[in-house]
1. Using a Cα-Cα cut-off of under 16 Å, which aspartates and glutamates could be cross-linked to Lys56, ignoring same-chain neighbours fewer than 8 residues away?
2. For the range 185-277, just the Cα set please: Rg and Dmax, both in angstrom.
3. Please go through the range 1-45 and write out the trypsin sites (Lys or Arg not before Pro) that DSSP classes as loop and that have at most 15 other C-beta atoms within 10 Å.
4. With runs of 4+ DSSP H residues as the only contributors, calculate the mean residue ellipticity of the chain at 222 nm using -39,500 (n - 2.57) per run, divided by the residue total and rounded to the nearest 500.
5. Work out the P(r) tail for the range 1-150: percent of alpha carbon pairs separated by more than 25 Å, whole number.
6. When the expected Rg is taken as 2.2 N^0.38 Å, what fraction or multiple of it is the alpha-carbon Rg of the range 1-43?
7. So how do Asp73, Asp237 line up by other beta-carbon neighbours within 10 Å, fewest first?
8. Measuring from the lowest to the highest alpha carbon on each principal axis, how far does the range 190-244 reach, largest first, in angstroms?
Amino acid sequence: MERPGRVETVRTIRHLRAEIVQWRAAGQSIALVPTMGALHSGHIALVGAALAAADKVVVSIFVNPTQFAPNEDLSRYPRDEAGDVAKLAASGAHLVWAPPVSEMYPEGFATHIVVEGAALPLEGAFRPHHFCGVATVVCKLISAVTPNVALFGEKDFQQLAVIRQMVRDLALPVLIQGVPTVREADGLALSSRNQYLNADQRFVAPMLFKAISEVARGRDPREAAEALIAAGFTRIDYIEVRDAETFGPYVPGAGRPGRVLAAAWLGATRLIDNVGI
Ligand code: PAF
């Protein structure tokens with residue numbers, strides 16, 4: 001029985017599956033929105049698209065330790081489960097699945113999914129273990145929920161390509177749907193990590209979107225990187241134009257979709273963004 005404005009939270013795969021079995025018995029389709037919590041309007045847009053795509057929407061909240069390197073921000077990653085659940089209740093989601101680490105990686109866990117192809121350059125080069133952690137957890141989330149469709153934000157555009165590759169390669173019976181990036185009025189892509197920015201950094205941050213948009217219009221990526229440093233960015237990991245599906249080199253005029261992707265640091269905060277060309 002659904003109560004508007006309330007959403008149940010389950011912790012175990014057993015409880016999750018007990019819900020799923022009932023929905024399936026009633027002939028209902030299921031959408032999965034995987035998240036790491038600290039939800040913002042971008043996540044709520046994913047839930048909105050999920051509600052349009054299926055009868056029931058499961059949102060997972062799990063800060064996945066295996067996609068963080070030891071020197072990354074796992075321990076300070078923002079967590080606010082009560083706030084997240086309140087937002088999800090208001091969004092119309094049907095079930096929150098918030099497993100503990102021990103449920104996802106029980107004692108003796110020893111299976112990892114290594115995706116190559118689209119996973120190798122850019123994020124894959126700067127964060128070598130990242131996509132293995134993402135692919136492994138997303139595969140487990142999909143296998144537990146057995147959704148008809150799983151939705152991911154285009155903000156993590158390379159992640160979306162890696163997940164599509166994994167789903168294709170493993171013939172997982174799920175449709176992967178990308179959802180456009182939600183931006184602040186000044187162009188900054190919404191991200192849970194924006195919370196780390198101080199006022200000065202927040203002022204400079206929208207320059208990243210401006211820079212990649214200029215590259216999409218033909219500006220040299222090296223010039224765009226220099227402009228970002230001049231504006232106050234501390235370091236640029238990459239600004240590159242890639243084939244939007246294979247992540248190999250982009251060949252202008254070859255009739256294939258291209259994407260400008262960037263990762264850049266403001267102090268201790270790493271921002272990523274991308275736009276199509
Ligand atoms: O994009 C994210 O929030 C995470 O990488 C995901 C897909 C939930 C896997 O942990």
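1. Cα-Cα hits under 16 Å: Glu2, Glu8, Glu19.
2. When restricted to Cα atoms, the range 185-277 yields Rg and Dmax of 13.3, 43 Å.
3. Arg6, Arg11
4. Per the formula, -10500 deg cm²/dmol.
5. Value for the range 1-150: 30 percent of Cα pairs lie more than 25 Å apart.
6. So the Cα radius of gyration is 1.36 times the expected 2.2 N^0.38 Å.
7. Values: Asp73 14, Asp237 18.
If I rank by nearby Cβ atoms, fewest first, I get Asp73, Asp237.
8. If we take the Cα atoms of the range 190-244, the spans are 31, 25, 18 Å.
No lab work stands behind these numbers, since they all come straight from the coordinates. All values derive from a computational prediction rather than experimental measurement. Cβ: placed from backbone, ideal geometry, glycine included. Neighbour counts: every protein chain shown.
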